[in-house]
Amino acid sequence: MIVHAFVIKNFIPLSHKVQILHEQYGKIVCMYSQDHQARQLTTGSIILCHAEPMHRLYRLEYLEIIRSVVSTDLQQLQFVHEIMKICLKLVPDNVVVSDIFEFLLYVYQNVDTLSVVGRKIVLLRLFLLCEVLPSSSELYQAAMQDPFAMVPRDLLLLDRFVQIGWHEIAQQKDNRS
């Protein structure tokens, strides 16, 4: 079955593998042949693909690149890479995460129009969906805002919660070392 996926990491030139957030399988690693078009994939790309299970890995049987992240807007590139970093670090392997996946599809529809505040809301929502932030009504209200709405928001509160999320990622990394 051909479904959407987000490219989290491409291992080129080290190996012919790509880590994706797959609509049906969750975060998985896919292998591909040396001359496969998957070599062109960049972190943050959205694709249509068919991944065939092979033991612990998957094989890309079909691939269509819907959108590659190639932008001269460095802030947008950084934002997309931050999204993928959150997915890489916090989304469990081989677990379907429909809420995260559907939210990312929603964001990607108009990612070019997101304001700085909208980007912070997206990051905050991802941290919340990945369950790295402490539960509070204040946090939930900030994260559940529509990132595309043009309603004034409390930027300091958003910044504080996003910083807590990045701190939690750093703590997890330090605990594994």
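Annotations
Every residue, every condition in (1) β-branched (Val, Ile, Thr); (2) free of Cβ contacts under 8 Å to residues at least 60 places away in the same chain; (3) assigned to a loop (DSSP other than H, G, I, E, B), yes or no:
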residue	(1), (2), (3)
7	yes, no, no
20	yes, yes, no
33	no, yes, yes
43	yes, yes, yes
50	no, yes, no
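- Among the conditions (1) closer than 14 Å to residue 21 by Cα; (2) among the β-branched types (Val, Ile, Thr); (3) within 13 Å of the chain's Cα centre (by Cα), the only one that residue 96 does not satisfy is (3).
- Residue 82 being assigned by TED's automatic domain parsing to the domain that holds residue 112 and out of contact with any Gly (no Cβ under 6 Å at 6 or more places or on another chain): yes
- Condition met for residue 162 (within 25 Å of residue 77 (Cβ to Cβ) and in contact (Cβ under 8 Å) with a residue 12 or more places away in the chain): yes
The values are calculated or read from the model by the stated rules, or taken from the named source; none is laboratory data. Being a predicted model, the structure only gives us computed values, none of them experimental. Don't worry about glycine lacking a Cβ; one is built from the backbone with ideal geometry, like all the others, and counts go over all protein chains shown.
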